[in-house]
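Novice: The structure that follows is given in the form of structure tokens.
Every number here is computed from the coordinates shown, using simple stated rules; none is lab data. Every value quoted in this text rests on a predicted model; they were computed, and no experiment measured them. Counting neighbours? That spans all protein chains shown, and the Cβs are built from the backbone with ideal geometry, glycine included.
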């Protein structure tokens, strides 16, 4: 956790988009808003409050190496390897993903969007 986050009294949970506190409450941390079309398929649009970043402004103000949590979650595993090379605890975990050929996956990518070969999971 960064010094700025500690000074503000933020806990680790603030950086999860699954719980209140750090997430955008407009979209509940989804980054998208569902518009029900009734007789047509629903439409999903980026949340205007957070610009699809999933977090509130206060949380996005916290930066590590000039990147906020939304920026980090947009990184691929390959990009994160370089970013976290000096933090062994994190580096080892993402290195394992890279070693098995998953370097292209974004850190914040949801499981349904992951692909294994040509088969979508």
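Novice: Semi-axes, largest first, in whole Å: what does sqrt of 5 times each Cα gyration tensor eigenvalue give for the chain?
Specialist: Semi-axes (√(5λ), whole Å): 27, 23, 10.
Novice: Follow-up question, since we're still on this one. At 0.36 nm per residue, and after removing the present C-alpha to C-alpha distance, how many nm does the segment from residue 2 to residue 110 gain when stretched out fully?
Specialist: Once the chain is fully extended between residue 2 and residue 110, it gains 36.3 nm.
Novice: Okay, next question. Can you work out the FRET efficiency for the pair residue 34 and residue 102, with r the C-beta to C-beta distance and R0 = 41 Å, to the nearest 0.05? Walk me through the intermediate numbers first.
Specialist: Values: r = 29 Å, r/R0 = 0.71.
E between residue 34 and residue 102, to the nearest 0.05, is 0.90.
Novice: Here's a follow-up. Suppose only helical runs count, i.e. DSSP H with n ≥ 4. What mean residue ellipticity at 222 nm does that imply for the chain under -39500 (n - 2.57) per run, divided by all residues and rounded to the nearest 500 deg cm²/dmol?
Specialist: Counting only the DSSP helices, I get -6500 deg cm²/dmol.
Novice: Next question, about the same structure. Treat the count of other C-beta atoms within 10 Å as a stand-in for reagent exposure and order 43, 77 from fewest to most.
Specialist: Listed from fewest to most nearby Cβ atoms, that is 43, 77.
Novice: So, one more: Counting pairs of alpha carbon atoms under 8 Å apart in space and at least six apart in sequence, what relative contact order in percent does region 1-86 give?
Specialist: Worked out over region 1-86, it gives 22 percent.
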